[in-house]
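Visitor: One structure is given below, represented as structure tokens, and several questions about it will come after.
Throughout, read-outs are computed from the coordinates displayed, never taken from laboratory work. Not measured: the values here are computed from a predicted model. For neighbour counting, all protein chains shown are included, and Cβ atoms are generated from backbone atoms with ideal geometry for every residue, glycine included.
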Amino acid sequence: MNNNFYKKNFLNFSLFNKEDIEFLIKFSSHLKKTRKEKKEKKYLKNKNIILIFEKESTRTRCAFEVAAFEQGANTTYIGPKDSHIGYKESFKDTAKFLSKIYHAIQYRGHEHEKIEELAKYSDITVWNGLTNKFHPTQIIADLLTMKENLPEKKIENISCAYIGDINNNICNSILEISKITGMKINLISPKKYWFQCKRKKNNNVFLTENIAKGVKDVDFIYTDIWLSMGETETSWEEKIKFLKNYQVNKNVLKLSQNKEIKFLHCLPSLHDKNTIIGKKILNEYKFLNNGVEVTNEVFESKNSLVFEQAENRLHTIKAIMILTLIKNVQF
Ligand code: CP
Ligand code: NVA
């Protein structure tokens with residue numbers, strides 16, 4: 001198949017169609033297999049890659065670094081306070097300089113407009129490692145995880161309920177992917193949070209306040225942290241007030257009436273008291289029953305695919321890097 005990713009930026013899914021997404025998933029799966037067999041081909045020898053993180057990261061950073069290393073590329077990591085970007089040097093000037101010595105930029109930051117500016121003034125490929133609006137590399141890992149679990153199902157026949165904060169980057173990227181691929185998405189949240197999704201909704205999306213209706217017969221239940229990076233900590237109170245009944249717990253899995261129901265989460269997750277924030281919230285809001293957006297019982301259950309999802313960040317990010325930088329990829 002024609003590589004439609006070559007020389008394209010990966011800021012969201014607007015440049016790609018259903019065939020492209022299916023091709024990307026297939027190639028990711030191939031990379032995962034050849035890595036396991038220790039037969040991985042190196043496509044990125046002598047490529048220089050810059051990883052700019054203006055927000056924290058565990059998975060995305062690790063996946064980009066390990067993928068680059070395994071493919072023969074060099075990386076430079078720039079953390080939130082490590083460069084002049086946006087403070088003493090514009091995105092435009094930074095993009096012009098980076099284009100002279102690198103082959104690609106990974107950027108994780110705040111406003112999506114900033115990565116668009118970086119892309120506008122770069123001569124090299126730009127990958128979005130998360131902005132306030134989109135998290136496209138995550139959704140590709142999620143799709144690979146879904147396909148691995150339901151190999152016989154066509155993407156347009158897969159159904160997923162996304163429950164909780166429906167105004168964040170993960171949900172926006174899910175909405176984009178459902179429009180392109182036909183995947184069925186049920187968005188479940190209180191009406192108060194419907195304002196954004198109402199505009200972006202497509203024919204494959206069902207919006208509901210009713211958990212039982214939203215999760216019935218779906219293949220996957222997906223949630224994300226209720227307060228995203230960049231939102232003020234003081235918003236926790238309001239988020240908990242409106243989302244407290246939208247926690248993924250055993251009863252929500254049961255309501256799906258699907259014995260094979262699988263749970264997805266992009267991580268990090270506040271599912272117990274073993275983090276500073278988790279402990280603080282759960283000590284204050286005892287009614288949450290030792291889990292914020294998801295209970296520990298579900299998080300650690302046999303239904304949970306969260307660590308498979310996390311591993312798939314590596315294989316899918318590797319595929320995105322290769323397909324955008326190399327024209328002829330045979331597999
Ligand atoms: N899911 C995800 O992007 O994780 P990190 O924030 O750890 O990169
Ligand atoms: N919505 C979350 C995703 C983390 C991977 C955030 O932006 O913090």
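Visitor: Please identify every one of the GluC sites (Glu not before Pro) in the stretch 229-331 that sits in a loop by DSSP and has no more than 14 other beta carbons within 10 Å of its own beta carbon.
Guide: Those satisfying the criteria are E260, E300.
Visitor: Please determine, in degrees from 0 to 90 and to the nearest 10, the orientation of helix 18-36 with respect to the longest principal axis defined by the Cα atoms of the chain, where the helix direction is its Cα long axis.
Guide: 80
Visitor: Counting other Cβ atoms within 10 Å of each Cβ, which GluC sites (Glu not before Pro) in the stretch 142-200 have at most 12 and sit in a DSSP loop?
Guide: Within the stretch 142-200, the qualifying GluC sites (Glu not before Pro) (loop, at most 12 other Cβ atoms within 10 Å) are E152.
Visitor: Hey, could you grab the Kirkwood Rh for the chain? Inverse mean 1/r over distinct alpha carbon pairs, Å, one decimal.
Guide: About 20.4 Å for the chain.
Visitor: What does the net charge come to around I281 if you take all other residues with beta carbon closer than 15 Å to its beta carbon, with K and R at +1 and D and E at -1?
Guide: -1
Visitor: Can you show me the helix-derived [θ] at 222 nm for the chain, built from DSSP H runs with n ≥ 4 at -39,500 (n - 2.57) apiece and divided by the number of residues, rounded to the nearest 500.
Guide: -12000 deg cm²/dmol
Visitor: Enumerate by residue number the GluC sites (Glu not before Pro) in the stretch 1-44 meeting two conditions: DSSP loop (anything except H, G, I, E, B), and at most 14 other Cβ atoms within 10 Å of the site's Cβ.
Guide: Those satisfying the criteria are E37.
Visitor: Next question, about the same structure. Modelled label-to-label distance, N149 and T275, 7 Å Cα→beta-carbon offset: nm?
Guide: 2.0
Visitor: Here's a follow-up. Whole-Hz ³J(HN,Hα) for each residue in the stretch 61-78, computed from phi via Karplus 6.51 cos²θ - 1.76 cosθ + 1.60 with θ = phi - 60°, x for glycine and proline: what do you get?
Guide: Values per residue, Gly and Pro as x: 4, 4, 5, 5, 5, 5, 4, 4, 4, 5, 9, x, 8, 9, 10, 10, 9, 10 Hz.
Visitor: Turning to a different aspect of this structure: Taking the Cα atoms only, what angle lies between the long axis of helix 136-149 and the longest principal axis of the chain, rounded to 10 degrees?
Guide: Helix 136-149 and the main axis of the chain meet at about 60 degrees.
Visitor: In a Gaussian network model over the chain where Cα atoms closer than 10 Å are linked, find which of S304, S83, S189 has the largest mean-square fluctuation.
Guide: S83
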